[in-house]
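Working notes, beginning with the structure itself.
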Amino acid sequence: MAKAILGDSEKWFIVHGVQDDFRTDGRSCENYRHIELETGILSNTHGSARIRLGSSELLVGVKVELGTPKPQRINEGWLEFHVDCSPNAHPVFQGRGGKELSDNICSMLTRVYRNNTVMDLEALGVIPQKHCWVVHVDVLILECGGNLIDAASIAVKAALYNTGIPNISLTDGDEGEVEINLPDDPEDVKHLKTINCPVLVTLSKIGNRHIVDATDEEECCCSASLVMGVTRRGHTVGVRKMGGGSLDPESVTEMIDSGKKIGRQLHISLDKLLKIEAGMSEDIKQTGYL
Amino acid sequence: MSNSIVIRLPSKKRLNAQVPLSSNSFLITPGSVITEDADYMRGHGTYTNDDEEDHKLYASVAGVVERINKLVCVRALKTRYNGEVGDIVVGRIKEVQQKRWKVETNSRLDSVLHLSSVNLPGGELRRRSAADELTMREYLKEGDLISAEVQQVHTDGMLSLHTRSLKYGKLGQGCCVTVSPSLIKRRKNHVHNLSCGVTIILANNGYIWINSTAVDGTKTTGDGGFVVDTEPVQMDDREAICRVRNCILCLSRSSVMLYDTSVLYAYEASLQYQVKELLLDEIATEIVDQTLSLLERESSGNG
C-alpha cells in the first residue's frame, strides 16, 4: 500500500496534535474533511459517481448484466466489486503494486454488502434458477489522499443510488422457454433500493486516541485501525481490524460508538445531497472528472 | 451544527486571472512557434527542427516566454525543480549510502548530500573517519527532512547539497507542505520568522517547512539539530503553524506567488476564521481575494 514517508519529528508533531484534539489541518479528532460528490457522470454505465475527499479522488461505475443465479440462492442476484488502483494515483500501483490495497477495499465492501437486510437481493432475481441481475461495481482510484476505504464506500452507495436497471418484460416463447425482452427506451429503468446500504467508517488509532478520516500522513502514524460498516439507522454490519498494531478492548467499544455516530452523520449528509442532485434539472452542466 | 459532515456537488473550478503576467510576456503551449527569426538563441524549454530551411523556434513546455537579449527561454508553469547553485531546498532523506545520503528534492533526479558536506554534531571541523561513516544513520536516516543549500549542479541536472552552516540541517517538529516550485518567488531570504511566532522556510524546490520560532531558538545550542525533540508543541504555537499551513495551501491552490508578504497577509485575513474552516472553498477564495487586494494596494502605494 502506498504510504507517505515521514521523519520521526514529523510523526511526533502529528501524534501530539491528535492528543491535543487539533490535527495538522486544524480539524478535531472526529471531524471529516469536506466531500465533493457527483453522480451520473459516465454515460456508458448504468450508474456512476465521482467523489473527492480532501485530495483523494475515486470514480465508481456500475454495470448490470444478466447472469445465472448461484445454486444455493436460486432467486437472488448478487453484487460484485472490483477495485482498480490507477498508477497515476501513485507510482507504486504500477503492475501489481496496488493489489493489496484493492483487495482490502474489495473484501470489505463485499463483506458489508453480502447481507439481505442491506440490499434486497431478491429484487435482482429475474427467473429462478435461470436468470438474475449481476451488479458489477467498479471502483477506480484516481488520487490517493488517505481514507480511501470510506471514500470508496460513499461513492459506491451514491453510484448504486444512481443505478437504473432496465425494466425487462417476460413473454412465453417456444417449448416452455421464457423470452426476455429489453425495453427500447434506455430511460425505462427501475432504481435500486439503497436506503439500507452501509458506508464504511475507518477509525485510526493514533497515540491513545482515535481519529476519523485520516490523511495519508496520519495513516502513516497509525498502528491499527478499525473499519466498520454502518447503516443509516446506525446498525453495524461488519467490523474489521486493519494494521499490525493492537487495540485494547476498552478502546474498541469507544471506537465502535464514535464510528456509529460518524456513520449516521455521513448517511444524513449523503442522502441530503443525493436528493438535491436528483431534483436538479438535467441541463446543469456537470463538472465531470476531467 | 459545526460537527456535521459537508457533502456537496463539486464546485466549478474558478478560472483565476491571477497568473502573474507582465505586459511583455505571454503564455505558450508545447509545439507552438515562438519566433520565426533565425537570429534568436535556443534556451531552456525550446527546440528547433533539424531541417535546414526551418529556422523556427518552438516551445517544448507550457509556460511564459522569457527573453534576455538574443536568448529565448520558456519558463514552465508546472515543473519539477530545476536547481541552481545557492538555492535553499528542503528535502527528505531517501537512502543512506556509502559516504552520502540520497535526498528527494522534487527535482528530476535524487540529490546527494555527501558526508563531507554536513556539519557533524558539536560543530567539529575534522576529517570524516570510518567511524563517522558507520554512524551516518544516527545523524540522518530515511524519512528525515533536512534544509540545505545547493552546492553544485551536475551536467545531468543532479544536485549536490551541503548543510555546512548552522542555518541548515535536520528539521524538527513541524509540518511540510508541497507546492509547485514555480510558485515560490525568488528572494534574497527564504527563511522568515513571521510575527505570529512561526518560522517558514519557503524552499526553492516547492517544499515549505513550517515550525514554531521558539523551537528554532533552542536549536542553536550546538547539537546541530540532530537530537529529536519529543516535547509536545504548545497549543497556541500549533494553532499558528496549522493556520499558516492552511493559508499556504489556499494561496497555492489559486496559484498566488508565495513569499513572506503574501503569506503574512493571508494569515492576517484568516484570523477571523477557525483553522479548520480554511479547508472550505468559499473561505479559501475569500482569503485569497483579500490577500490579493492587500498586495495590490501595497504595490500601487510603492509605485
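Would you confirm, using the coordinates I've provided, whether residue B:248 is under 30 Å from residue B:140 (Cα atoms), of a type in the set (Val, Ile, Thr), surrounded by 22 or more Cβ atoms within 10 Å (Cβ to Cβ) and away from chain A (no Cβ under 11 Å)? Please lay out each step first, then the result.
Working: under 30 Å from residue B:140 (Cα atoms): yes; of a type in the set (Val, Ile, Thr): yes; surrounded by 22 or more Cβ atoms within 10 Å (Cβ to Cβ): yes; away from chain A (no Cβ under 11 Å): yes.
For residue B:248, the condition - under 30 Å from residue B:140 (Cα atoms), of a type in the set (Val, Ile, Thr), surrounded by 22 or more Cβ atoms within 10 Å (Cβ to Cβ) and away from chain A (no Cβ under 11 Å) - is met.
Is it the case that residue B:116 is more than 29 Å from residue B:62 (Cα to Cα), of a type in the set (Ser, Thr, Tyr), part of a strand (DSSP E or B) and open to solvent by less than 40 Å² (accessible area, probe 1.4 Å)? No; evaluated as a whole, the condition is false for this residue.
Is there a residue being over 18 Å from residue B:26 (Cβ atoms) and either within 14 Å of chain A (Cβ to nearest Cβ) or acidic (Asp, Glu) (or both) anywhere in the range B:58-66? First the steps, then the outcome.
So in the range B:58-66, the residues over 18 Å from residue B:26 (Cβ atoms) come out as none.
The answer is no, given that none of the residues of the range B:58-66 is over 18 Å from residue B:26 (Cβ atoms) and either within 14 Å of chain A (Cβ to nearest Cβ) or acidic (Asp, Glu) (or both).
When residue A:143 is tested against (1) over 26 Å from residue A:236 (Cα atoms); (2) more than 18 Å from the chain's Cα centre (by Cα); (3) at pLDDT 90 or above, exactly one condition is not met: (2). Of the residues that make up the range B:144-154, is at least one over 24 Å from residue B:252 (Cα atoms) and within 12 Å of another protein chain (Cβ to nearest Cβ)? There is at least one residue in the range B:144-154 that is over 24 Å from residue B:252 (Cα atoms) and within 12 Å of another protein chain (Cβ to nearest Cβ). Any residue at all in the range A:255-272 that's among the β-branched types (Val, Ile, Thr), in a helix (DSSP H, G or I), out of contact with any His (no Cβ under 8 Å at 6 or more places or on another chain) and closer than 30 Å to residue A:8 by Cα? Yes, there is a match, as at least one residue in the range A:255-272 is among the β-branched types (Val, Ile, Thr), in a helix (DSSP H, G or I), out of contact with any His (no Cβ under 8 Å at 6 or more places or on another chain) and closer than 30 Å to residue A:8 by Cα.
Taking the range A:110-154 as the range and being under 28 Å from residue A:168 (Cα atoms), part of a strand (DSSP E or B) and open to solvent by less than 10 Å² (accessible area, probe 1.4 Å) as the test, the residues that pass are A:132, A:134, A:135, A:137, A:139. For the condition open to solvent by less than 20 Å² (accessible area, probe 1.4 Å), farther than 30 Å from residue A:23 by Cα and modelled with pLDDT of 90 or more, residue B:107 does not qualify. Looking at the range B:260-287, which of the residues that are under 18 Å from residue B:193 (Cα atoms) and of a type in the set (D, E, K, R) is least open to solvent (accessible area, probe 1.4 Å)? This residue is B:260.
Scanning the range B:259-303 for residues that are assigned to a helix (DSSP H, G or I), more than 14 Å from chain A (Cβ to nearest Cβ) and aromatic (Phe, Trp, Tyr) yields a count of 1. Is at least one residue of the range A:218-225 on the phi < 0 side of the Ramachandran plot, within 14 Å of another protein chain (Cβ to nearest Cβ), free of Cβ contacts under 8 Å to residues at least 40 places away in the same chain and small (Gly, Ala, Ser)? Checking the range A:218-225: not a single residue is on the phi < 0 side of the Ramachandran plot, within 14 Å of another protein chain (Cβ to nearest Cβ), free of Cβ contacts under 8 Å to residues at least 40 places away in the same chain and small (Gly, Ala, Ser). Annotation note: Cβ proximity below 7 Å between a residue of the range A:5-16 that is without any contact (Cβ under 8 Å) to a residue 60 or more places away in the chain and within 7 Å of another protein chain (Cβ to nearest Cβ) and a residue that is outside any loop (DSSP other than H, G, I, E, B) and surrounded by 19 or more Cβ atoms within 10 Å (Cβ to Cβ) (sequence gap 6+ or interchain) occurs for A:7/B:145; A:13/B:175. For the range B:5-22, the criterion of being within 14 Å of chain A (Cβ to nearest Cβ), in contact with an Asp or Glu (Cβ under 9 Å, 6 or more places away or on another chain), open to solvent by 80 Å² or more (accessible area, probe 1.4 Å) and modelled with pLDDT of 90 or more is met by no residue. Residue pairs whose Cβ atoms lie under 7 Å apart, separated by 6 or more positions or on different chains, with the first residue in the range A:17-29 and facing another protein chain (nearest Cβ under 7 Å) and the second surrounded by 21 or more Cβ atoms within 10 Å (Cβ to Cβ) and in a loop (DSSP other than H, G, I, E, B), are A:17/A:23; A:17/A:24. Residue-level analysis places residue A:92 among those that are more than 25 Å from residue B:7 (Cβ to Cβ), out of contact with any strand residue (DSSP E or B) (no Cβ under 7 Å at 6 or more places or on another chain) and assigned to a helix (DSSP H, G or I). When we screen A:231, A:236, A:215 for residues that are more than 10 Å from every other protein chain (Cβ to nearest Cβ) and touching a Pro at 6+ places or on another chain (Cβ under 8 Å), the only hit is A:231.
Looking only at strands (runs of 3 or more DSSP E) that lie completely in the range B:40-101, which have at least 1 residues being open to solvent by 40 Å² or more (accessible area, probe 1.4 Å), farther than 30 Å from residue B:117 by Cα and aliphatic (A, V, I, L, M)?
Working: elements: B:46-48, B:57-59, B:63-68, B:71-76, B:88-97.
It comes to B:63-68, B:71-76.
Filtering A:40, A:67, A:77, A:61 for residues that are more than 9 Å from every other protein chain (Cβ to nearest Cβ) and on the phi > 0 side of the Ramachandran plot leaves a single hit, A:40.
Pairs linking a residue in the range B:277-303 that is touching a residue at least 40 places away in the same chain (Cβ under 8 Å) to a residue that is polar (S, T, N, Q) and not in a loop (DSSP other than H, G, I, E, B), with Cβ atoms under 8 Å and 6 or more positions apart or on different chains, are B:287/B:270; B:291/B:262.
For the range A:134-148, does any single residue satisfy the condition of being of a type in the set (S, T, N, Q) and more than 25 Å from residue A:210 (Cβ to Cβ)? Working first, answer last.
Going through the range A:134-148, the residues of a type in the set (S, T, N, Q) turn out to be A:147.
In the following step, the residues that additionally are more than 25 Å from residue A:210 (Cβ to Cβ) were identified as none.
Looking for residues that are of a type in the set (S, T, N, Q) and more than 25 Å from residue A:210 (Cβ to Cβ), one finds none in the range A:134-148, hence no.
State the number of residues belonging to the range A:24-39 that are crowded, with 20+ Cβ neighbours inside 10 Å, assigned to a loop (DSSP other than H, G, I, E, B) and in contact with a strand residue (DSSP E or B) (Cβ under 7 Å, 6 or more places away or on another chain). Number of matching residues: 4. Among the residues of the range A:239-271, those that are open to solvent by less than 30 Å² (accessible area, probe 1.4 Å), within 14 Å of another protein chain (Cβ to nearest Cβ) and of a type outside the set (Gly, Ala, Ser) comprise A:262, A:266, A:267, A:270.
The values are calculated or read from the model by the stated rules, or taken from the named source; none is laboratory data. What you see is a predicted model; the values in this text were computed from it and never measured. Glycine also receives a Cβ, built like all others from the backbone with ideal geometry; neighbour counts cover every protein chain displayed. These area figures cover heavy atoms from the full protein model, side chains too; ligands, DNA and RNA do not enter into them. Shrake-Rupley method; radii C 1.70, N 1.55, O 1.52, S 1.80 Å.
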